[in-house]
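Report on the following structure.
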Amino acid sequence: EVVEEKFKNCCVVYSGGDDLFILGPWSDLPKIAKEIYNKFRLYTCQHPEIILSCGIYIAPSKNFPVYQAAKEAGEAESKAKTGKKDKITLLNKPLKWNELEELTDIKDKIVNLLEGKENNKKMPRSLLTILYSSIEDKKKVHISRIWLLLYGIKRLVERYITGADKQMELAIELRDKFIKNNELKESLDVAVRWAELLTRKEKQKD
């Protein structure tokens, strides 16, 4: 019902027992997964022991064999079940469901900046470069790298956003989205990569 009502470009290939397999535009799949998860949690009365794990695989081309995509998606699902279950694997990284929601918000913010939905002026893709440079080797992030990230964001905002008040407001908002307790937010790389894929020139339509 979720697919038929809201995601008509997608197809339920298999649904039986406690398993399902859906094909569709990769940009829709996280939305479908979250919708199904929300309805599942409602159906089970938020029971803490009845959980849902999901794996999303992005095929490299429209000619990629479906059986192989199914296998890769299955492996992604298995990855979501490692350790504490009730997760979703996106862009090869297991995430908690509430973490996916937060990363979706960060992704949307980056996309809006790159597409000019902030002050009607597109921010350059160097924003992605600044973010990636701060994320590399996440386990060894030094405080100086965080300061460089803040400095880079401030310079971009000053250059592409009009008005001192708007500049300050956006700079603070981005700081709070990317950094928490003087550390980069967990799995920030997923949000950045997600935004990059959605805004690349050759947008995937399949």
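The values are calculated or read from the model by the stated rules, or taken from the named source; none is laboratory data. Only a predicted model underlies this, so the values are computations on that prediction, with no experimental measurement involved. No Cβ is skipped: glycine too gets one built from the backbone with ideal geometry, and neighbour counts run over all protein chains shown. Accessible surface areas use protein heavy atoms only, side chains included; no ligands, DNA or RNA. Shrake-Rupley method; radii C 1.70, N 1.55, O 1.52, S 1.80 Å.
Of note:
- Test: residue 85 is at pLDDT below 95 and out of contact with any strand residue (DSSP E or B) (no Cβ under 7 Å at 6 or more places or on another chain): yes
- Residue that is modelled with the lowest pLDDT [pool: residues in the range 161-206 that are closer than 21 Å to residue 149 by Cα and of a type in the set (Gly, Ala, Ser)]: 164
- Count of the range 30-54 residues which are under 19 Å from residue 9 (Cα atoms) and open to solvent by less than 30 Å² (accessible area, probe 1.4 Å): 3
- Top-ranked residue of the range 9-18 - restricted to ones that are of a type outside the set (Phe, Trp, Tyr) and surrounded by 10 or more Cβ atoms within 10 Å (Cβ to Cβ), ranked as farthest from residue 54 (Cα to Cα): 9
- Pairs where the first residue, in the range 164-184, is of a type in the set (Lys, Arg) and the second is part of a helix (DSSP H, G or I), C-beta under 8 Å, 6+ apart: 175/150; 175/153; 177/105; 177/106; 177/109
- Of all residues in the range 19-29 being under 13 Å from the mean Cα position of the chain (by Cα) and in contact (Cβ under 8 Å) with a residue 24 or more places away in the chain, the one that is surrounded by the most Cβ atoms within 10 Å (Cβ to Cβ): 29
- Qualifying residues in the range 79-99 (those that are buried (at least 21 other Cβ atoms within 10 Å of the Cβ) and within 12 Å of the chain's Cα centre (by Cα)) - the one nearest to residue 194 (Cα to Cα): 90
- From the list 76, 59, 70, the lone residue that is in contact (Cβ under 8 Å) with a residue 40 or more places away in the chain, open to solvent by less than 70 Å² (accessible area, probe 1.4 Å) and either small (Gly, Ala, Ser) or touching a Pro at 6+ places or on another chain (Cβ under 7 Å) (or both) is 70.
- Evaluation of residue 32 against the conditions (1) in contact (Cβ under 8 Å) with a residue 60 or more places away in the chain; (2) under 21 Å from residue 191 (Cβ atoms) shows that the sole unmet condition is (1).
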